[in-house]
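None of the figures in this text is laboratory data; all of them are computed from the coordinates on show. Just so it is clear, the structure is predicted and the values come from calculations on it, not from any experiment.
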């Protein structure tokens, strides 16, 4: 799945996963808050609020706005 959005807060570096919260706007104009989890590879300068991102990864099986790149 590919999701495109705008980072709404700075990258949160935590153990064991770092988290990015970003807003995704669908074709109808509705905005939904998503989060992306990853276990490695990011630093404090990787992303900042306002950055546009496109993420390719697996969505949770329950259909929520959550991508987890830690399993790749």
If contacts are Cα pairs under 8 angstrom and at least 6 residues apart, what is the relative contact order of the chain in percent? 36 percent
Enumerate the whole-percent occupancy of each 10 Å bin, from 0 to the last occupied one, for all C-alpha pair distances of the chain. 20, 57, 21, 2
